[in-house]
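Quick notes on the structure that follows.
The values are calculated or read from the model by the stated rules, or taken from the named source; none is laboratory data. Just so it is clear, the model here is predicted, and its values are computed rather than measured. Reconstructed Cβ throughout: ideal geometry from the backbone, glycine too, with neighbour counts over all protein chains shown. Areas reflect the complete protein model, heavy atoms only, side chains present, ligands, DNA and RNA absent. Shrake-Rupley method; radii C 1.70, N 1.55, O 1.52, S 1.80 Å.
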Amino acid sequence: GETILKNAVNMALMLIESKNNEVLSGTLTYAEAQEQVKQALLGPMNTAGERPNISTIDLGEHGYFIVYRSDGLEIMHPTLEGKNMWDTMDKAGKPIYIVREQIAMAKSGGGFLTYAWNYPYSEKIGTKISYSVMDPNWGWVVTATAYLSDFNQSTRWILYIVYSSSIVLLILGLLISFLYIKSITRPIKAVSSAT
């Protein structure tokens, strides 16, 4: 899961770099470039002020990107865009200031944070992991987040395939061994019954 989040942030940073180059060449304004990045990472904002999380970068069923300013303002979020989240704490009551921690980690070169947060559009709380890095072009704190349950679901599917394949291969191996041993012992039985 950590590798997926790290790779997702790196892809987002490459997108920002590309759009920043378009700004520097005069092709786009900063506002246009930043909106294009937001649309690529989450989707266009709807009339309710929310972004639908339709990114082509897979962060699991419930994962999404967040972008903060250094003061905790949500520059991009599916439902909290434009709100300052500086004092937001872990939903399970742990003494973790989520946004402060993510920004501090991003400023120090990047890092992971595990915390409790609501699933999108739900009151259900799940364990979430995030990876945050500071973008050098616009000063954004780019964060990819995902719920551990999404990774666990994928892991269970992989384990199911591995176990099923192992059982099939074991049965097949036993059957082949049985047939091979039978083919070797058949001539011996024929000789012993002839005597």
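Please determine, by comparing only the residues of the range 156-195 that are charged (D, E, K, R) and either open to solvent by less than 100 Å² (accessible area, probe 1.4 Å) or over 29 Å from residue 60 (Cβ atoms) (or both), which one is modelled with the lowest pLDDT.
Narrowing the range 156-195 to residues charged (D, E, K, R): 156, 182, 186, 189.
With the extra rule that they be either open to solvent by less than 100 Å² (accessible area, probe 1.4 Å) or over 29 Å from residue 60 (Cβ atoms) (or both), the set shrinks to 182, 186, 189.
Details: 182: 81, 186: 81, 189: 77.
Out of the qualifying residues, it is 189.
In the range 77-124, which residue that is among the acidic types (Asp, Glu) and surrounded by fewer than 14 Cβ atoms within 10 Å (Cβ to Cβ) is farthest from the chain's Cα centre (by Cα)? Checked the range 77-124; the qualifying residue farthest from the chain's Cα centre (by Cα) is 87. Taken over the range 126-144, residues that are more than 13 Å from residue 64 (Cβ to Cβ) and aliphatic (A, V, I, L, M) amount to 3.
What is the residue count in the range 27-40 for residues that are outside any helix (DSSP H, G or I) and of a type in the set (Ser, Thr, Tyr)? Break it down stepwise before answering.
In the first step, residues of the range 27-40 are kept if they are outside any helix (DSSP H, G or I); the result is 27-29.
From the residues that got through so far, the ones that are of a type in the set (Ser, Thr, Tyr) too are 27, 29.
Looking only at that region, the number is 2.
The residues of the range 1-26 that are at pLDDT below 95 and not in a helix (DSSP H, G or I) amount to a single one, 1.
Have a look at 74, 61 and point out the one that is open to solvent by 30 Å² or more (accessible area, probe 1.4 Å), within 22 Å of the chain's Cα centre (by Cα) and not small (Gly, Ala, Ser). Break it down into steps so the answer makes sense when it comes.
On the way: 74 fails: open to solvent by 30 Å² or more (accessible area, probe 1.4 Å).
Just one listed residue meets the conditions, 61.
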